[in-house]
């Protein structure tokens with residue numbers, strides 16, 4: 001079985017894997033996979049914070065195998081330094097026992113499904129962050145990674161079962177109210193070309209901080225919900241609360257503002 005979820009943002013999102021929120025997880029085995037679609041975030045502090053080490057150890061001890069893509073809010077100095085080995089038919093970064101980083105631009109075989117993986121995205125808040133401390137230029141893939149992705153898909157005959165990314169292709173962004181903020185991201189533009197050229201059954205991504213399904217494009221956008229990739233059903237406690245900023249705006253709009 002393959003389960004997927006959106007951004008965890010380090011220690012803040014790890015509670016979604018608790019038995020109370022993800023009861024199906026307790027019956028899984030090492031052959032079962034849980035995929036985090038970027039902004040993994042447990043490799044952030046350098047040296048690692050105690051809570052980060054504890055959560056990584058706890059995740060490693062879960063009965064399943066965890067895979068994650070990189071997002072845009074990652075410490076790429078630490079991620080790029082992970083030891084590398086071959087698994088699922090391509091190189092992975094070894095984050096811990098039973099926890100692996102899927103590298104950008106490779107096609108992995110997961111549960112007999114050919115899955116193209118591509119992390120990264122442009123940070124909307126990058127100008128308010130500090131390079132090398134809270135923001136890394138490596139959030140945008142290198143030319144080598146962009147080329148690798150195309151080469152991998154060409155080798156697969158431009159046909160895969162699933163596509164796993166952090167951000168969504170540009171065409172999906174344009175259908176949301178986030179387009180004015182996120183449009184023009186070079187990663188989304190690249191993924192839009194891949195969407196046009198590649199035959200796929202399902203596409204899974206995070207980044208947009210919402211749970212949504214676009215049936216025409218077969219694209220699942222995930223936030224905190226955990227999805228059964230095979231059925232498309234939510235197997236965790238379903239949470240569809242809007243992001244905090246949207247809730248605060250809605251709260252404020254209920255009251256007249258000073259000067260109204």
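FYI, it's all coordinate maths here, none of it is from the lab. Since this is a predicted model, take the numbers as computed values, not measurements. Don't worry about glycine lacking a Cβ; one is built from the backbone with ideal geometry, like all the others, and counts go over all protein chains shown.
Quick notes on this structure:
- Taking label positions 7 Å along the Cα-Cβ direction at both residue 30 and residue 85, the computed distance is 1.0 nm, reported to one decimal.
- Estimated distance in nm for a label pair at residue 183 and residue 12, the labels positioned 7 Å out from Cα along Cα-to-Cβ: 2.7
- FRET efficiency for residue 133 and residue 53, using Cβ-Cβ distance with R0 set to 25 Å, rounded to 0.05: 0.80
- A protection proxy built from the mean count of other Cβ atoms within 10 Å ranks the segments 67-73, 32-38, 191-197, most packed first, as 67-73, 32-38, 191-197.
- Protection-proxy order for peptides 8-15, 143-150, each taking the mean of Cβ atoms within 10 Å per residue, highest first: 8-15, 143-150
- Neighbour-count order for 126, 210, fewest beta carbons within 10 angstrom listed first: 126, 210
- Compactness relative to 2.2 N^0.38 Å, alpha carbon Rg of the chain: 0.99
- Peptide ranges 17-28, 164-175, 219-230 listed from the most packed, as the mean C-beta count within 10 angstrom indicates: 164-175, 219-230, 17-28
- Taking every alpha-carbon pair in region 1-144 and binning the separations at 10 Å intervals from zero gives 11, 44, 35, 10, 0 percent.
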